[in-house]
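The values are calculated or read from the model by the stated rules, or taken from the named source; none is laboratory data. As the structure is a computational prediction, the values presented were derived from the model and not from experiment. Don't worry about glycine lacking a Cβ; one is built from the backbone with ideal geometry, like all the others, and counts go over all protein chains shown.
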Amino acid sequence: MATGQMRYTITDRVARRALIAILALYLLLGLQFAFGTPLWQVPDEPAHYTYVQHIAENGRLPELREGDYPHDYLEAAKSVRFADTDISPIRYESHQPPLYYLLMTPVYLAAQAVGWHPAYAIRVVSLLLGGVALLLGYHVARRIFPRDPRLALGATALAAVLPMHLTMVAAVNNDVLAELMIAAVALQLVAPSAQRWTWRRAVLLGLTLGLAALTKLQSYVAFALVTAALAWDASSRHQRDDALRPIRALALGAVMLGIAIVVVAPWLLQNASLYGWGDLLGLQRHDQVVVGQLTTGEFLRANGMRALLVGFLRTTFQSFWGQFGWMGVVLHPRVYLVATLLCGLVALGVVGALWRIFRARVSLEASQVRGVFLLAVWGLVTLAGYLWWNVSYVQHQGRYLFPALVPLGAAFAIGLRELFTGSPKLPLGVLAAALLILAAEALLGGDLRAFATALVVGAACLLLVANWCERRAPGAMMACTYLGIAAFGLYCLYGYVIPLLSP
């Protein structure tokens, strides 16, 4: 952290209270999403629910079979908002790793015993798991950025109030447990003794990796983090007196991988009996079953590369913030315009922070550099997986980036902090340039974009006020930003989700 920003921080006591407030706000918002979102109006929720239902009623894991993705039936159910729809034929998630569904089976049975709809009970428990993931993510960021609690609080707050994220964690979906497991692995890698690799730590990490792999295939992110940490610590550039030698690093990696494989082995062996030894993850069977799902190749042949790229970028951004139901409920364009402006300003803040560090030649602690490196790996590997998935199928859904909300949230918090405490020259200059472009369009083309113009002017005024306030009350304007996003979430729920998706 730059010396000039050291005085704009908050105490640990205030940080603890702020964390409690964030978690309380998360639960308050999440419960409204859990009970307010109509059943089955979250992507893939029926298929996740029937997985749990199958275990509860049959005492064994399901098999993914032909017909488990009834495309026409599913589309008809969406068209009537799942009114009086039997969801039992929707079973296309049966190839998923079983840990989440096994954990939710007792919840299903307990809710059924007391006469409560099991889906709502599972939603509540999933929400609580999301709270644990938030807490783990906070401690990851706190250990990487120990001198300014605002960054860890900001990273946690974004995940706690983001409308689309609330929609997913307050649903029947294994994504939330995957986020928790990845954060659990990351926390072990940034612990104070993280660079002192012991066999005991390797065993614990191996167990955690195995549980992550039993949760969701997206757990490859956790494996990438462990590999990156081992490579970093074994590198000659970063070695200390108690350095991790390459041979020892390979041995530790082998132990962790071996333990993870032992944990996952029962599920893999069952898959071998169901799908064959060449399809231990059930992915080939999945590709055979999901007939009717739009592939990227089909879209390219029909619409071309430009349409694919434009649709990918637009839909990814929109669905990261909020595109509800089965991607059918799109918010007003002006809402996304506000989100675009906010993200643009935050990105400028990140650029400003990097430039200030470079110009002042600020030297970061070795552990902090290592932590930032792991955050970068976390985000980039998640993005790579998202791009890879979209090579096969048109899955432009920003929710697939949520496993990286800790690094994304940390970057968002860094950008906000810089906007509110650093020099406003760069963002104000960009806003002035945008205003000139809008004025030129109005004069030359007769197109007065009144809302966009007012938005730019308002953003400039708010930036100046926020900069003045944040310097005098550290964290206040950042808190207001996240509270604004929370209010936006309620607007989405009560203005779009409930009225437009209820049967």
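Points worth noting:
- Lys78 fulfils the conditions (1) out of contact with any Pro (no Cβ under 6 Å at 6 or more places or on another chain); (2) over 20 Å from Pro503 (Cα atoms); (3) surrounded by fewer than 19 Cβ atoms within 10 Å (Cβ to Cβ) except for a single criterion, (2).
Okay, residues lined up against (1) crowded, with 16+ Cβ neighbours inside 10 Å; (2) more than 19 Å from the chain's Cα centre (by Cα); (3) among the charged types (D, E, K, R); (4) in a helix (DSSP H, G or I):
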site: Val14; (1), (2), (3), (4): no, yes, no, yes
site: Ala18; (1), (2), (3), (4): yes, yes, no, yes
site: Ile22; (1), (2), (3), (4): yes, no, no, yes
site: Gly30; (1), (2), (3), (4): yes, no, no, yes
site: Ala34; (1), (2), (3), (4): yes, no, no, yes
site: Leu39; (1), (2), (3), (4): yes, yes, no, no
site: Tyr51; (1), (2), (3), (4): yes, yes, no, yes
site: His54; (1), (2), (3), (4): yes, yes, no, yes
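- Gly409 small (Gly, Ala, Ser), assigned to a helix (DSSP H, G or I) and touching a residue at least 40 places away in the same chain (Cβ under 8 Å): yes
- Residues in segment 363-406 that are under 29 Å from Trp326 (Cα atoms), in a helix (DSSP H, G or I), in contact (Cβ under 8 Å) with a residue 12 or more places away in the chain and among the aromatic types (Phe, Trp, Tyr): 4 in all.
- Residues satisfying the stated conditions in segment 162-193, i.e. more than 12 Å from the chain's Cα centre (by Cα) and either under 27 Å from Val14 (Cα atoms) or not in a loop (DSSP other than H, G, I, E, B) (or both): Met181, Ala184, Val185, Ala186, Leu187, Gln188, Leu189, Val190, Ala191, Pro192, Ser193
- Among the residues examined, Leu337 does not qualify as modelled with pLDDT of 95 or more, buried (at least 16 other Cβ atoms within 10 Å of the Cβ) and in a helix (DSSP H, G or I).
- Candidates Leu109, Leu74: the one that is more than 27 Å from Met181 (Cβ to Cβ) and either touching a Lys or Arg at 6+ places or on another chain (Cβ under 6 Å) or not in a loop (DSSP other than H, G, I, E, B) (or both) is Leu74.
- Of all residues in segment 148-185 being of a type in the set (D, E, K, R) and modelled with pLDDT under 95, the one that is nearest to Ala411 (Cα to Cα): Arg150
- Selection of segment 290-348 for residues being more than 29 Å from Val161 (Cβ to Cβ) and hydroxyl-bearing (Ser, Thr, Tyr) yields Thr295, Thr296.
- Here segment 290-334 is the region considered, the condition is being touching a residue at least 60 places away in the same chain (Cβ under 8 Å), assigned to a helix (DSSP H, G or I) and among the β-branched types (Val, Ile, Thr), and the residue that is farthest from Gly409 (Cα to Cα) is Thr296.
- Of Glu441, Glu418, all but one fail to be acidic (Asp, Glu), in contact with a helix residue (DSSP H, G or I) (Cβ under 7 Å, 6 or more places away or on another chain) and in a helix (DSSP H, G or I); the exception is Glu418.
- Selection from segment 371-387 of residues that are within 19 Å of Phe145 (Cβ to Cβ) and of a type in the set (Val, Ile, Thr): Val372, Val377
- Filtering segment 421-434 to residues that are in a helix (DSSP H, G or I) and touching a residue at least 24 places away in the same chain (Cβ under 8 Å) leaves Thr421, Leu426, Pro427, Leu428, Val430, Leu431, Ala432.
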